[in-house]
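Undergrad: Quick one: the structure is below, questions incoming.
The values are calculated or read from the model by the stated rules, or taken from the named source; none is laboratory data. From a predicted model like this one, the values you see are computed outputs, not experimental measurements. Heads up, the Cβs are rebuilt from the backbone with ideal geometry, glycines too, and the neighbour counts pull from every protein chain shown. Accessible surface areas use protein heavy atoms only, side chains included; no ligands, DNA or RNA. Shrake-Rupley method; radii C 1.70, N 1.55, O 1.52, S 1.80 Å.
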Amino acid sequence: MKYSANGLYVEEYRKCINCGELVYDEGLFFTDEDGTRIGPFSSAWDMEWYKGREARQNAKGPVLIKDWRSETQS
Amino acid sequence: MNLVDMNIVDRRLKSIAEEMGIVLMKTSYSTIFNEGRDFTCGVADESCELLASADFQPAQVGGMPLVVSSIIKEIPLSEMDEGDVMIHNDPFRGGMHTPEHTLIKPVFFEGEFFGFSVAIGHIAEVGGMVPGGFPGEATEVYQEGLRVPPVKIQARGKDVEPVWKIMLANHRTPRQNHGDIRALISAVNRGESRILELIKEYGPERYREICTDLKDYAERRMRAEITSIPDGVYSFEDFMEDDGVTDQAYKIAVDVYVSQDKIVADFSRTDNQSLGPINAVLSVAWSATYNAILHLTDPQIPRNSGAFRPIKIVAPPGKLVNADFPAAEVGGNTETHIRICHTVVGALAQAIPERAFAPDGGTHSNFLFGATDERTGNYAVCYDFTGAGWGGRPVADGHNATNCINGNSRMNPVEVFETRFPWRFESLGLIPGSGGDGEYRGGLGVNKVLTCLSDDMEVSFMSDRQKIAPWGIGGGGEGQNGSVLIRRKSTPDFVTACEDSNKTSASKFNRIGFRKGDQISISSPGGGGYGDPQERSSEQRAKDRDEGWV
């Protein structure tokens, strides 16, 4: 979330591009192979899940899921 | 962990939430509260986690932690005092939809902060482009009513008058809304006093320990339930049939990943957000997913934030399940919630068919109107809904005429409705044969026909399931679609809103004028059937016929 300098209104509703939660701080980003900055993410788990889309689609059998609890924003 | 103390505190917290709801119901002015019970009350701890909620509105339970934490992001604890009450309805800052107002009151025991008393209620009139707050043709949130960011409505027990004045100046029914907001405040006040009694009884430290145990216990119970579901990826899709503005259907797609004791519900394949007002916001996606999983797991698991910890929801921005500001969104919480919830059930039905059930009618048939009541001279606004058929289950037929899966609300009694509003009931009854066939039949929808008794009546509608029927499960048949039809006093036939008023959608429309003698016929859909119809016994079929269910 980006608030105005006077704090009276919202300038940008900023969300994690994976889980969709509002991001109140800068958030996390990564740079892809083309040099594009991708984000924001609310946690390392979200970043990993986002990066793993293709691998999951091609996976045969169940997908092992890492725990997200210690990584999500409070 | 002392299981006895933990269970007692769990039940006490739940009864506190129930008592808050009863206070709210008995002191409110609008029928949406005192008859419909479209509210939820709960208790949150100091980290904004839900400790307990009452069995009122499932639509509001799963999103409660998100909406409470979003308030704290904007009004930090350091700025809260004893006696403060905060109000908030902004769907793009953690709220559910514009009419849903969340009130929270911090609980301080001997100066120390212990959490919040929380009441969330659907205010029936919030301004915007139609009376009743459900503009079926809205294309941006500004048209759907006044957005209230997290602000104090009471500070140290006294009204913050400018907030009241701004809000009530933007509502069509300020007297009713004033009464309803006071009722919400009464609810959080009652919650605060009961929580304080509980803390005093157990002592601050012990109370905290028990609450921590309670959440951890709920988490363990939910993890054990998830572990019993076979690992895998289960996918399902369903549709909203249109958005009120265009004739386009919108897909809701979910991939549910079950891995050991965790679930990820990933909605990335869902269609992008709509132009019209069927968009869900994030708290709706959360509530709907939790709602589905709570329906499929042991109902004895305490419904607190601990039970939600093993569930992760992926709802990327800009999708129908997490629309971006300033999208129109009022139908997301009532209509799209149902579809999201049953899409998750449909996915997990592949893994645990013995626990799954067919979908309900999938719409609340939200009927909104405003008019001058000649009997009183007052301008009356109402948000009314109609129960639908529920889906067949592995052990029984679906319920008839029951508010859909996110509602748990009640229909207005005829006598109350006719007393409060300028309409006359011509008929009200179940629709035989509207439930889907199956080993266990879907429940029946409802038809009601009303005659208008005012010359300045304006009717709006927000529903779905008029084109795409509720599906069956395990070979069960589809439920029957619903409808909304209009008959003018001077014409013999009922017609759709498209035919009567050139509307794009027959299920979602704004402000159609009615005069005395005009009629509306509202039919809610039936539920889907469960299991192969061949498995339904001949005795049961004879009973269905003899008792008029089909």
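Undergrad: Just checking, does the stretch B:400-415 include any residue being over 15 Å from B:Gly36 (Cα atoms) and surrounded by fewer than 23 Cβ atoms within 10 Å (Cβ to Cβ)?
TA: yes
Undergrad: So, A:Leu64, is that one at the interface with chain B (Cβ under 8 Å from one of its Cβ atoms) and open to solvent by less than 50 Å² (accessible area, probe 1.4 Å) or not?
TA: no
Undergrad: Would you be able to say whether some residue in the stretch B:85-98 is open to solvent by 20 Å² or more (accessible area, probe 1.4 Å), touching an Asp or Glu at 6+ places or on another chain (Cβ under 7 Å) and either in contact (Cβ under 8 Å) with a residue 60 or more places away in the chain or part of a strand (DSSP E or B) (or both)? It would help to see each step written out before you state the result.
TA: So in the stretch B:85-98, the residues open to solvent by 20 Å² or more (accessible area, probe 1.4 Å) come out as B:93.
Right, trim to touching an Asp or Glu at 6+ places or on another chain (Cβ under 7 Å) and you get none.
Checked the stretch B:85-98: no residue is open to solvent by 20 Å² or more (accessible area, probe 1.4 Å), touching an Asp or Glu at 6+ places or on another chain (Cβ under 7 Å) and either in contact (Cβ under 8 Å) with a residue 60 or more places away in the chain or part of a strand (DSSP E or B) (or both).
Undergrad: When both residues are 6+ apart or on different chains and their Cβ atoms are under 9 Å apart, which pairs have a first residue that lies in the stretch B:530-548 and is closer than 17 Å to B:Asn400 by Cβ and in contact (Cβ under 8 Å) with a residue 40 or more places away in the chain, and a second that is in a loop (DSSP other than H, G, I, E, B) and among the aromatic types (Phe, Trp, Tyr)?
TA: B:Tyr530/B:Phe357
Condition check ((1) of a type in the set (Gly, Ala, Ser); (2) touching a His at 6+ places or on another chain (Cβ under 8 Å); (3) under 30 Å from B:Glu219 (Cβ atoms)) across all residues:
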residue	(1), (2), (3)
A:Val10	no, no, no
A:Tyr13	no, no, no
A:Cys16	no, no, yes
A:Gly20	yes, no, yes
A:Phe29	no, no, no
A:Glu54	no, no, no
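Undergrad: Which pairs have Cβ atoms under 9 Å, sit 6 or more apart or on different chains, and link a residue in the stretch A:1-16 that is within 10 Å of chain B (Cβ to nearest Cβ) to one that is of a type in the set (Gly, Ala, Ser) and in a strand (DSSP E or B)?
TA: A:Cys16/A:Gly39
Undergrad: Here is a further query. Of all the residues that make up the stretch A:32-61, how many are farther than 17 Å from A:Cys16 by Cα, hydrophobic (A, V, I, L, M, F, W, C) and facing another protein chain (nearest Cβ under 9 Å)?
TA: Selection size over the stretch A:32-61: 1.
Table: residues versus (1) more than 12 Å from B:Val321 (Cα to Cα); (2) surrounded by 24 or more Cβ atoms within 10 Å (Cβ to Cβ); (3) in contact with a Phe, Trp or Tyr (Cβ under 8 Å, 6 or more places away or on another chain); (4) touching a residue at least 24 places away in the same chain (Cβ under 8 Å).
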{"residue": "B:Ala253", "(1), (2), (3), (4)": "no, no, yes, yes"}
{"residue": "B:Asp261", "(1), (2), (3), (4)": "yes, no, no, yes"}
{"residue": "B:Ser274", "(1), (2), (3), (4)": "no, yes, yes, yes"}
{"residue": "B:Asn279", "(1), (2), (3), (4)": "no, yes, no, yes"}
{"residue": "B:Leu282", "(1), (2), (3), (4)": "no, yes, no, yes"}
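Undergrad: From the list B:Asp360, B:Asp298, B:Asp373, B:Asp324, which one is acidic (Asp, Glu) and surrounded by 24 or more Cβ atoms within 10 Å (Cβ to Cβ)? Spell out the reasoning first.
TA: Working: B:Asp298 fails: surrounded by 24 or more Cβ atoms within 10 Å (Cβ to Cβ); B:Asp373 fails: surrounded by 24 or more Cβ atoms within 10 Å (Cβ to Cβ); B:Asp324 fails: surrounded by 24 or more Cβ atoms within 10 Å (Cβ to Cβ).
It is B:Asp360.
Undergrad: Okay, next question. With respect to B:Pro302, is the statement that it is within 11 Å of another protein chain (Cβ to nearest Cβ), assigned to a loop (DSSP other than H, G, I, E, B) and not aromatic (Phe, Trp, Tyr) true?
TA: no
Undergrad: Among the residues of the stretch B:57-70, are any open to solvent by 10 Å² or more (accessible area, probe 1.4 Å), outside the structural domain of B:Cys382 (by TED's automatic domain parsing) and without any contact (Cβ under 8 Å) to a residue 40 or more places away in the chain?
TA: Yes.
Undergrad: Is it the case that B:Pro131 is touching a residue at least 24 places away in the same chain (Cβ under 8 Å) and more than 27 Å from A:Arg14 (Cβ to Cβ)?
TA: yes
Undergrad: Could you list, ordered by first residue, the pairs with Cβ atoms under 9 Å in which the first is in the stretch B:229-241 and within 30 Å of B:Asn481 (Cα to Cα) and within 14 Å of chain A (Cβ to nearest Cβ) and the second is assigned to a loop (DSSP other than H, G, I, E, B) and not aliphatic (A, V, I, L, M), at least 6 apart or interchain?
TA: Sorted first by the residue in the stretch B:229-241, then by its partner, the pairs are B:Tyr234/B:Gln350; B:Ser235/B:Arg269; B:Ser235/B:Gln350.
Undergrad: I need the full set of residues from the stretch B:253-299 which are in a loop (DSSP other than H, G, I, E, B), over 16 Å from the mean Cα position of the chain (by Cα), over 18 Å from A:Glu54 (Cα atoms) and within 12 Å of another protein chain (Cβ to nearest Cβ), in order please. Break it down into steps so the answer makes sense when it comes.
TA: Going residue by residue through the stretch B:253-299, those that are in a loop (DSSP other than H, G, I, E, B) are B:260-261, B:267-271, B:273-281, B:297-299.
Then keep just the ones that are over 16 Å from the mean Cα position of the chain (by Cα); that gives B:260-261, B:267-271, B:273-276, B:297-299.
Keeping just the survivors that are over 18 Å from A:Glu54 (Cα atoms) gives B:260-261, B:271, B:273-276, B:297-299.
Once the filter is applied, which keeps residues that are in a loop (DSSP other than H, G, I, E, B), over 16 Å from the mean Cα position of the chain (by Cα), over 18 Å from A:Glu54 (Cα atoms) and within 12 Å of another protein chain (Cβ to nearest Cβ), the stretch B:253-299 yields B:Gln260, B:Asp261, B:Gln273.
Undergrad: State whether the residues of the stretch B:424-431 include one that is assigned to a loop (DSSP other than H, G, I, E, B), among the hydrophobic types (A, V, I, L, M, F, W, C) and in contact with a Cys (Cβ under 6 Å, 6 or more places away or on another chain).
TA: No, the conditions are met nowhere in the stretch B:424-431.
Undergrad: Can you tell me which residue in the stretch A:17-31 is farthest from the other protein chains (Cβ to nearest Cβ), limited to those that are open to solvent by less than 70 Å² (accessible area, probe 1.4 Å) and part of a loop (DSSP other than H, G, I, E, B)?
TA: So, considering only residues that are open to solvent by less than 70 Å² (accessible area, probe 1.4 Å) and part of a loop (DSSP other than H, G, I, E, B), the one farthest from the other protein chains (Cβ to nearest Cβ) is A:Gly27.
Undergrad: Now a separate question. Got a sec? Which of B:Ile166, B:Ile181, B:Ile185 is buried (at least 22 other Cβ atoms within 10 Å of the Cβ) and at negative phi?
TA: Residue meeting the stated conditions: B:Ile181.
Undergrad: A further question follows. Would you check if there is a residue in the stretch B:341-353 being in contact with an Asp or Glu (Cβ under 7 Å, 6 or more places away or on another chain), outside the structural domain of B:Ile522 (by TED's automatic domain parsing) and open to solvent by 10 Å² or more (accessible area, probe 1.4 Å)?
TA: So far as the stretch B:341-353 goes, no, none of its residues is in contact with an Asp or Glu (Cβ under 7 Å, 6 or more places away or on another chain), outside the structural domain of B:Ile522 (by TED's automatic domain parsing) and open to solvent by 10 Å² or more (accessible area, probe 1.4 Å).
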